[in-house]
1. Hey, can you grab everything whose amide H is under 5 Å from the amide H of residue 157? Only 5+ residues off in sequence or another chain; H modelled, so Pro and N-termini drop out.
2. Just check segment 38-84 against the gyration tensor rule for me: Cα atoms, a ≥ b ≥ c as the square roots of the eigenvalues, rounded for a/c under 1.5, and otherwise prolate or oblate depending on whether a/b exceeds b/c.
3. Could you calculate the FRET efficiency of residue 24 with residue 78 from 1/(1 + (r/R0)^6), where r is the beta carbon distance between them and R0 is 22 Å, rounded to 0.05?
4. Highest mean first, what order results for 43-52, 178-187 on Cβ atoms within 10 Å?
5. Any idea how far apart residue 179 and residue 215 come out in nm if each label point goes 7 Å out from Cα toward Cβ?
6. Would you work out if segment 57-122 is rounded, prolate or oblate? Take a ≥ b ≥ c from the square roots of the eigenvalues of the alpha-carbon gyration tensor; rounded if a/c is under 1.5, else prolate when a/b is larger than b/c, oblate otherwise.
7. Tell me the label-point distance for the pair residue 143, residue 42, using the 7 Å Cα-to-Cβ offset, in nm and rounded to one decimal.
8. Taking 7 Å along the Cα-to-C-beta vector as the label spot, tell me the residue 93-residue 222 distance in nanometres, rounded to one decimal.
Amino acid sequence: MSAPEQQNYSAAPTDVIVKNPHREHLAEVLRENTFWLITCPCLCGGWGIGPASNPCLVADAKCLCLEGESYTEDCWTDYGLCFSLQKTCCCISHCACPPGGGANDGVPLFACCNMRWGGQESGAAKPESQAQLMQDAFLLFYFLIEGCGFIHCCDPLVLGSSKCCCLRSTHFTADCCPNDRPCCFQKQKTCCCVSVHRMPCTGSSRDGVPACAVCGQVIFGAPVPPEQVPLAPA
């Protein structure tokens, strides 16, 4: 499963929720499959027990305009076994294993002054953000597994995406105060351990976490079922 198109967050209307498959799945796990030991506004979050797998690891975090997520996926995907993409302002760097990345991911085998060779680029780049960035970048050089270049400064200002076997993580810039999630939060599930922290302390009824719960009983602030939440087009 590929990472969501992070640059769309800043352009999305603030009165709807942008569909993010990993965030939606985590919210479902928190809402339907987590036994909450305690959540309380005084603690700005809480802890619970969830299923040990599916997924084994998933995390979602935000601090004002910086946002990130981590999750497990197949060891071998369309992006290969391992890769790292980093964009800061107009500078972009990339490395990948195997050489050339995957098919149509915008990554060549060789490049010099944006003249590109190889890399399984048989058609247009995939619509995911990292593939589009690599296709649009002016590559100063790329040699087998690593290269760097320049690209537009914004949209997004900062983006990082990496994969090491089955572990995948992304970070990016987003709206400071979106309508569909708190301005600061950290939600994580590792095996059966679940932890949530958020600000403001009551969070959002859409994130799957009750405002206050003790030993599996919701005291107040039950999460909203997904069918009651308006979604933006994918």
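The values are calculated or read from the model by the stated rules, or taken from the named source; none is laboratory data. The structure presented is a predicted model; accordingly, all values stated were derived computationally and were not measured. Every residue, glycine among them, receives a Cβ derived from its backbone with ideal geometry; neighbour counts consider all protein chains shown. What goes into the accessible areas is simple: the full protein's heavy atoms, side chains included, and nothing from ligands, DNA or RNA. Shrake-Rupley method; radii C 1.70, N 1.55, O 1.52, S 1.80 Å.
1. For residue 157, whose amide H was placed from the backbone, the distant partners under 5 Å are 173.
2. Details: a/c = 6.13, a/b = 1.65, b/c = 3.73.
Oblate shape, in that a/c is at least 1.5 and b/c is the bigger or equal ratio.
3. Efficiency for this residue pair is about 0.55.
4. On the way: 43-52: 17.5, 178-187: 19.2.
Listed from highest to lowest mean packing, they are 178-187, 43-52.
5. Placing both labels 7 Å beyond Cα along the Cβ direction yields 4.0 nm.
6. Details: a/c = 3.36, a/b = 1.46, b/c = 2.31.
Oblate is the answer for segment 57-122, as a/c is 1.5 or above yet b/c matches or exceeds a/b.
7. About 6.2 nm separates the two model spin labels.
8. For the pair residue 93/residue 222, the computed spacing is 5.1 nm.
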